[in-house]
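These notes are about the structure you will find just below.
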Amino acid sequence: MNFHIMTLFPEMIENAMAVSITGRAVKAGHISVHAVNIRDYAANKHNRVDDYPYGGGAGMVMQAEPVYRCYLDIMAQCSENGIDKKIKVIYLSPQGKVFSQQMAQQYAEEDNLIFLCGHYEGIDERVLEEIVTDYVSIGDYVLTGGELPALVMMDTISRLVPGVLNNDMSAQTESFSEYLLEYPQYTRPEEWNGKSVPPVLLSGNHKLLAEWYREQSLIRTASRRPDLLEKASLSEEERAFVCSIAEGARNYN
Ligand code: SAM
């Protein structure tokens with residue numbers, strides 16, 4: 001997976017992606033991070049890339065031309081490297097579709113992704129119409145720039161790229177993978193602050209463990225995120241079970 005990021009703050013992207021699991025994934029060659037400074041494509045001596053909005057109003061708007069030239073350069077480099085498949089261009093925007101684990105799974109199937117990070121009041125609409133394929137938001141709130149949203153997306157997608165996590169199974173059983181939240185986790189010591197680890201986890205019985213994981217996952221989702229259950233694949237018995245929990249949680253609230 002090759003991430004190409006169009007940004008005014010490449011160091012923000014590079015620094016964050018260079019640590020922990022993503023940092024190791026870059027070193028191992030499972031992912032690559034290519035942050036490109038849009039300012040390098042400004043055509044004026046002060047390297048300005050923003051201007052006042054037509055019609056007035058607060059703030060500044062990023063100009064179309066530097067963004068477009070930056071995009072063309074990335075595409076030219078990709079083509080030099082033999083990439084001829086159409087590459088998705090994701091504009092991080094509070095007006096986009098809200099990012100989810102399911103979207104991350106779809107993006108993880110691509111070999112290349114281009115992220116466009118806006119700043120100030122956003123970017124001239126004309127270049128967005130020209131190059132953007134997907135508009136993605138990370139939630140219903142407004143940040144100062146698209147860098148943190150791009151990092152959120154790249155971190156999530158990277159974990160799904162084969163080889164990035166030590167144990168690929170862990171991404172498959174995690175929260176949201178099947179519209180269910182993950183069961184609670186415990187580690188040593190066996191007893192802490194007067195609380196013991198649930199005995200089933202010490203049993204070594206794989207059948208009992210699988211049943212317990214599933215049941216805890218259902219209880220947790222029904223009580224914390226009942227909205228997810230609509231899309232989860234459940235047996236009739238499980239559906240009746242989660243309905244009773246969700247009902248109980250509603251009455252409690
Ligand atoms: N004026 C824009 C609006 O009202 O829709 C908001 C611009 S915001 C201050 C600047 C940049 O931050 C955006 O261009 C976008 O790239 C990024 N951004 C802000 N909030 C975001 C969110 N929730 N999800 C994704 N990107 C976001």
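Tell me, yes or no, whether the range 140-157 has at least one residue that is buried (at least 18 other Cβ atoms within 10 Å of the Cβ), away from the ligand (no atom under 13 Å from the Cβ), in a helix (DSSP H, G or I) and not hydrophobic (A, V, I, L, M, F, W, C). Yes, the range 140-157 has at least one match. Screening the candidates His46, His30 for the property of being in contact with a Gly (Cβ under 9 Å, 6 or more places away or on another chain) and assigned to a loop (DSSP other than H, G, I, E, B) yields one hit, His30.
Among the residues in the range 180-202, are any crowded, with 16+ Cβ neighbours inside 10 Å, without any contact (Cβ under 8 Å) to a residue 60 or more places away in the chain and on the phi > 0 side of the Ramachandran plot? Checking the range 180-202: not a single residue is crowded, with 16+ Cβ neighbours inside 10 Å, without any contact (Cβ under 8 Å) to a residue 60 or more places away in the chain and on the phi > 0 side of the Ramachandran plot.
Please go through the range 1-16 and pick out each residue that is crowded, with 19+ Cβ neighbours inside 10 Å and either touching a Gly at 6+ places or on another chain (Cβ under 7 Å) or of a type in the set (S, T, N, Q) (or both). Listed by number, the list holds a single entry, Thr7.
Scanning the range 145-164 turns up at least one residue that is modelled with pLDDT of 95 or more, within 18 Å of Phe99 (Cα to Cα) and hydroxyl-bearing (Ser, Thr, Tyr). Candidates are the residues of the range 92-119 that are in contact (Cβ under 8 Å) with a residue 40 or more places away in the chain and either of a type in the set (Val, Ile, Thr) or out of contact with any strand residue (DSSP E or B) (no Cβ under 7 Å at 6 or more places or on another chain) (or both); the one that is nearest to the ligand (Cβ to nearest atom) is Val98. Scan the range 11-53 for residues that are of a type in the set (S, T, N, Q) and within 26 Å of Glu125 (Cα to Cα) and the total you get is 3. Candidates are the residues of the range 65-96 that are aliphatic (A, V, I, L, M) and either in contact with a Cys (Cβ under 7 Å, 6 or more places away or on another chain) or not in a helix (DSSP H, G or I) (or both); the one that is surrounded by the most Cβ atoms within 10 Å (Cβ to Cβ) is Leu92.
Within the range 218-236, the presence of a residue that is aliphatic (A, V, I, L, M) and over 30 Å from the mean Cα position of the chain (by Cα) is excluded.
Would you check if there is a residue in the range 46-61 being surrounded by fewer than 16 Cβ atoms within 10 Å (Cβ to Cβ), charged (D, E, K, R) and within 14 Å of the ligand (Cβ to nearest atom)? No - not one qualifying residue is present in the range 46-61.
The values are calculated or read from the model by the stated rules, or taken from the named source; none is laboratory data. These numbers come from a predicted model, not from an experiment. Neighbour counts are summed over all protein chains in view; Cβ atoms, including those assigned to glycine, are modelled from backbone coordinates with ideal geometry.
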